[in-house]
Every structure is written in structure tokens, then in C-alpha cells.
Amino acid sequence: MKNYPKAAMERAMKVQEIILRAIAKRITWIQAAAIIGISARQMRRMKERYEQYGYDGLYDRRKGKPSPKRVPLEMVEKILGLYQDEYHDFNVLHFHEKLKENHGIELSYTWVKTALQGAGLVKKEKKRGVHRKRRPRRPLTGMLLHIDGSKHHWFQDRRWYDFIVIMDDATSEVYYAQLVDEESTATVMVAIREVVETKGRFCSLYSDRASHFFYTAKAGGPVDRERLTQVGRALKELEIEPIPAYSPQARGRSERGFRTWQGRLPQELRIRKITTVEAANDFLRREYIQEWNRKFTVEPAQKGTAFVPCKRRDLDLIFSIQNERVVANDNTVSYANRSLQIEPTKWRSTLAGCRVTIHQHLDGRLSVTYGPHPVGCYTAEGVLIDKQPVRRKVRAA
């Protein structure tokens with residue numbers, strides 16, 4: 001094709017796009033002839049030549065021999081039909097994978113992309129913006145993890161859900177991915193705890209400056225390192241360094257990941273007829289996270305890992321929302337319009353006037369501790385469910 005004049009190349013490319021739109025039934029063949037500026041008879045001849053020589057037929061005629069890579073018209077029609085009927089909401093790369101995996105069609109990604117764009121089924125990409133230098137990955141897994149959330153119509157209806165993902169900077173491996181009603185202190189703690197329990201303690205956690213991660217004195221300003229949120233306090237207890245991001249570009253790796261998630265997960269849920277959060281999260285845990293990691297994980301720069309086993313036995317207390325209260329004279333504490341009755345303990349006659357910590361656990365339970373000592377566990381409604389009876393000595397008469 002390099003021997004063609006530039007004008008001939010441009011016209012051939014334009015004609016290809018118009019014919020592809022006619023094949024995809026976006027326009028009629030008569031309309032195609034009018035757009036190209038030829039008669040209906042010329043269009044019929046062009047269509048016949050296209051059917052004979054395939055997708056590259058227009059170039060082949062100028063070269064005088066058929067291309068060894070030409071694609072039959074029937075295959076072009078099948079691919080465009082598949083995209084319109086079954087995969088209309090897939091991005092090009094996702095659709096290209098499905099062609100190979102589900103239909104045994106092995107064509108280059110560039111060919112598929114050009115065909116879809118030419119047929120007007122996929123928009124052409126905008127030119128890239130300002131050049132930015134990508135930050136190098138950490139050399140070892142467990143050195144830096146990204147946590148972020150993305151609000152989207154994940155079920156392709158009116159419902160909005162947040163999608164929380166934790167991924168490793170060194171490999172882009174996803175350790176946690178779940179849909180939640182809203183990203184919050186509790187849902188973030190659930191995610192971090194699962195990674196700590198399954199992989200171990202890691203070195204640092206990279207996140208945005210949402211209020212459940214950091215306090216900021218002024219919007220858009222630096223975070224307050226002295227004043228810790230509940231998540232910040234839990235990370236400090238586990239000796240994990242929180243790192244705030246000061247721009248979307250700084251979170252480029254996770255932001256690019258979410259664009260891919262948004263271009264794939266809704267379609268995967270649709271073709272499996274999954275319409276509930278519970279079923280979607282089960283699908284993610286059981287199948288799709290593993291598939292995602294097979295496709296997008298890269299090898300780390302160095303062998304080994306920075307993860308270390310977590311030997312803490314009090315993760316229930318660490319990953320809880322903690323608040324301090326002073327015990328009343330009747331050994332009760334008030335919390336969220338509930339009164340929690342503290343039973344007698346073996347090591348102290350009364351806790352009246354003492355400052356205790358109330359833990360609201362991720363499953364809704366409540367517990368009260370005095371220093372290192374647990375003094376009661378309660379239901380979400382404040383009913384005592386765990387107490388150790390105290391045996392009092394009976395004085396002789």
C-alpha cells in the first residue's frame with residue numbers, strides 16, 4: 001500500500017468506512033452510493049469487488065493481486081453482527097478477546113478495531129493530552145497497595161453502587177474487589193481487613209484524601225497527620241503507612257484500572273444475567289477476580305514479597321469504629337441512643353467514673369473495653385450477649 005498516492009489511500013479508506021456502515025445496516029446501499037458520490041450501478045460493482053476480495057479488496061484492485069490477509073465478507077458481516085447483537089456495550093479489546101475465546105475467530109486487534117470504527121459502531125479515540133511520566137512500580141509485592149472506589153451504573157440500570165478495589169502497585173494484582181452501597185469507613189475497613197487476613201501486613205496504602213482516610217483542615221490542602229481517622233488509627237496499629245494522593249493523575253494506575261473495570265464488569269454481569277449485589281460479589285470472589293488477574297497482572301521487578309504474616313489476635317478490635325465514654329454511676333455507658341449495662345468484673349468492684357472504649361464492629365456488634373480488658377459484648381441493639389459470671393466469696397456469719 002505504500003506505493004499508492006496519498007489521495008487514493010484516503011479515498012479507499014473513506015470508501016471502506018462507508019461500505020462497512022452499509023454492511024452493519026447503519027445506512028442503506030443507496031445512501032452509501034450517494035455519500036461516496038457514485039451511481040447505484042457503480043456501487044453494485046464495488047460491492048461485488050468487495051465480496052470477491054474481502055475487507056482489503058479496494059487496495060487489492062490497485063495492486064493487481066489479492067491480499068493474503070484478506071477477510072471474507074461473510075466474516076466481516078458475522079463480526080459486525082456479533083458486536084451489534086451480543087456485545088454492543090463491550091470495548092474493543094474486551095470484544096476482541098470474546099471473539100477468540102467464545103467464537104474461535106482469530107483476527108488482529110487492529111483489524112477488529114478498524115472495522116468497528118469504520119462501521120460507526122465504536123467511536124474513534126481522542127488524541128492524547130499532555131505528556132506525563134509514569135511513576136515506576138514498586139519492586140516487591142506488598143510494598144505499596146492502592147485502594148480506591150468508583151461509583152458507576154454497574155448493572156446498566158438506574159442503580160448506583162460503589163466498587164472498592166485493592167490492588168498491588170508492583171504487579172497490578174487485585175486482592176479485593178466488591179460492590180457496596182457506599183464507600184465508607186466500615187466498607188473500607190472490611191476490604192483492608194480481608195487483605196491483611198489473606199495476604200498479611202503490607203508496608204503502605206495509597207488512597208485519595210476522602211474523609212474516611214484523612215482529615216484535611218482545608219479542602220484541597222494537606223492532610224492532618226496528627227489527627228487520625230478511624231481507618232488511620234487502624235493502619236497505625238498495624239504499622240501500615242497511609243499515603244495520600246493529591247491529584248487524580250497521582251492515582252493514575254488505579255484510575256486506569258477503573259476505566260477497564262467499567263468497560264468490562266457491567267457487560268460480564270449482563271451476559272450472565274446477574275442483577276443483585278450479592279450475586280455480583282459472589283461472582284467476583286469465585287471467578288472474575290482470578291480471570292482479571294490472569295489477564296492484567298504483570299511480573300514484579302524483583303522476586304520475594306514485602307508481606308509479613310499478621311500475628312495480631314485482636315483484629316476484631318482494630319477494625320472497629322472506636323469511641324470513648326465515661327461510665328455512669330450505675331455502671332452503664334450511653335452510645336448512639338443505647339444504654340450498655342456493664343456487669344461486675346473479677347478485677348474491679350465498679351467501673352463508675354472510668355473512661356472506657358466502645359467498639360462498633362463491622363458486623364454491627366458492640367463491645368466495651370477498659371484498657372486491655374474486655375468488659376462486655378452486646379448486640380447491635382445493646383443487649384448483652386457475652387459476660388463472664390463473677391463468683392463472689394461468701395463471708396462466714
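Can you say whether residue 268 is free of Cβ contacts under 8 Å to residues at least 24 places away in the same chain, within 19 Å of the chain's Cα centre (by Cα) and either open to solvent by less than 30 Å² (accessible area, probe 1.4 Å) or over 19 Å from residue 98 (Cα atoms) (or both), as far as the supplied structure shows?
yes
Do any strands (runs of 3 or more DSSP E) lying entirely in region 320-367 carry at least 3 residues that are among the acidic types (Asp, Glu), and which ones are they?
So the answer is none; nothing clears 3.
Only one of these conditions is not met by residue 315: (1) of a type outside the set (Gly, Ala, Ser); (2) within 26 Å of residue 163 (Cβ to Cβ); (3) touching a strand residue (DSSP E or B) at 6+ places or on another chain (Cβ under 7 Å). Which number is it?
(3)
I need the full set of residues from region 3-35 which are in a helix (DSSP H, G or I), open to solvent by less than 10 Å² (accessible area, probe 1.4 Å) and at pLDDT 75 or above, in order please. Step through it out loud before you land on a result.
Taking region 3-35 as the starting set, the residues that turn out to be in a helix (DSSP H, G or I) are 6-23, 29-35.
Still in the running and open to solvent by less than 10 Å² (accessible area, probe 1.4 Å): 12, 15, 19-20, 22, 32-33.
Across region 3-35, the qualifying residues are 19, 20, 22, 32, 33.
With 320, 349, 339, 334 as the choices, which residue is of a type in the set (Ser, Thr, Tyr) and under 30 Å from the mean Cα position of the chain (by Cα)?
Exactly one residue qualifies, and that residue is 320.
Report yes if residue 202 is buried (at least 20 other Cβ atoms within 10 Å of the Cβ), under 11 Å from residue 147 (Cα atoms) and either out of contact with any Phe, Trp or Tyr (no Cβ under 8 Å at 6 or more places or on another chain) or at pLDDT 95 or above (or both), otherwise no.
Details: buried (at least 20 other Cβ atoms within 10 Å of the Cβ): yes; under 11 Å from residue 147 (Cα atoms): no; either out of contact with any Phe, Trp or Tyr (no Cβ under 8 Å at 6 or more places or on another chain) or at pLDDT 95 or above (or both): yes.
When the stated conditions are applied, residue 202 does not pass them.
I need the full set of residues from region 200-236 which are charged (D, E, K, R) and touching a Leu at 6+ places or on another chain (Cβ under 9 Å), in order please.
201, 236
Taking the condition modelled with pLDDT under 95 and either of a type in the set (A, V, I, L, M) or open to solvent by less than 60 Å² (accessible area, probe 1.4 Å) (or both), does residue 312 pass?
In short, no.
Please enumerate the residues belonging to region 333-369 that are open to solvent by 20 Å² or more (accessible area, probe 1.4 Å) and under 18 Å from residue 313 (Cβ atoms).
357, 362, 363, 365
Give region 84-98 a look and list any residue that's within 17 Å of residue 265 (Cα to Cα) and part of a helix (DSSP H, G or I), or say none. I'd like the intermediate steps shown before the answer.
Going through region 84-98, the residues within 17 Å of residue 265 (Cα to Cα) turn out to be 86-98.
Passing the criteria: 92, 93, 94, 95, 96, 97, 98.
If we keep just the residues of region 182-199 that are outside any helix (DSSP H, G or I) and free of Cβ contacts under 8 Å to residues at least 40 places away in the same chain, which is surrounded by the fewest Cβ atoms within 10 Å (Cβ to Cβ)?
182
Given 227, 251, 209, which one is assigned to a helix (DSSP H, G or I) and touching a residue at least 12 places away in the same chain (Cβ under 8 Å)?
251 is the lone residue from the list that is assigned to a helix (DSSP H, G or I) and touching a residue at least 12 places away in the same chain (Cβ under 8 Å).
Give the residue, chosen from 260, 229, 276, that is hydroxyl-bearing (Ser, Thr, Tyr) and open to solvent by less than 20 Å² (accessible area, probe 1.4 Å).
Numbers: 260 fails: open to solvent by less than 20 Å² (accessible area, probe 1.4 Å); 276 fails: open to solvent by less than 20 Å² (accessible area, probe 1.4 Å).
Every option except 229 fails the conditions.
Out of all the residues in region 323-366, which are of a type in the set (Lys, Arg) and closer than 28 Å to residue 189 by Cβ?
Result: 325, 338, 355, 365.
Exactly one condition in (1) part of a loop (DSSP other than H, G, I, E, B); (2) farther than 30 Å from residue 170 by Cα; (3) open to solvent by 40 Å² or more (accessible area, probe 1.4 Å) is false for residue 298; which is it?
Single failed check for residue 298: (2).
Can you pull out the residues in region 146-171 that are assigned to a loop (DSSP other than H, G, I, E, B) and touching a His at 6+ places or on another chain (Cβ under 9 Å)?
159, 160, 169
Looking only at residues that are of a type in the set (Val, Ile, Thr) and either free of Cβ contacts under 8 Å to residues at least 12 places away in the same chain or under 18 Å from residue 19 (Cβ atoms) (or both) in region 76-123, which one is most open to solvent (accessible area, probe 1.4 Å)? Explain how you work it out, then say what you get.
In the first step, residues of region 76-123 are kept if they are of a type in the set (Val, Ile, Thr); the result is 76, 79, 92, 105, 110, 112, 114, 122.
If we keep only those that are either free of Cβ contacts under 8 Å to residues at least 12 places away in the same chain or under 18 Å from residue 19 (Cβ atoms) (or both) as well, we get 76, 79, 110, 112, 114, 122.
On the way: 76: 1, 79: 2, 110: 91, 112: 1, 114: 64, 122: 30 Å².
Restricting to residues being of a type in the set (Val, Ile, Thr) and either free of Cβ contacts under 8 Å to residues at least 12 places away in the same chain or under 18 Å from residue 19 (Cβ atoms) (or both), the top hit is 110.
Residue 97 fails exactly one of the following numbered conditions: (1) of a type in the set (Asp, Glu); (2) touching a helix residue (DSSP H, G or I) at 6+ places or on another chain (Cβ under 7 Å); (3) modelled with pLDDT of 90 or more. What is the number of that condition?
Of everything listed in (1) of a type in the set (Asp, Glu); (2) touching a helix residue (DSSP H, G or I) at 6+ places or on another chain (Cβ under 7 Å); (3) modelled with pLDDT of 90 or more, residue 97 misses just condition (2).
Would you pick out the residues in region 300-337 that are β-branched (Val, Ile, Thr) and either under 19 Å from residue 362 (Cα atoms) or without any contact (Cβ under 8 Å) to a residue 12 or more places away in the chain (or both)? Write out each step before concluding.
Taking region 300-337 as the starting set, the residues that turn out to be β-branched (Val, Ile, Thr) are 305, 308, 318, 321, 326-327, 332-333.
Result: 318, 321, 332.
The values are calculated or read from the model by the stated rules, or taken from the named source; none is laboratory data. Since the model is a prediction, treat every value here as computed from it, not as a measurement. Positions of Cβ are backbone-derived with ideal geometry, glycine not excepted, and every protein chain shown enters the neighbour counts. For accessibility, only protein heavy atoms count, side chains too; no ligands or nucleic acids. Shrake-Rupley method; radii C 1.70, N 1.55, O 1.52, S 1.80 Å.
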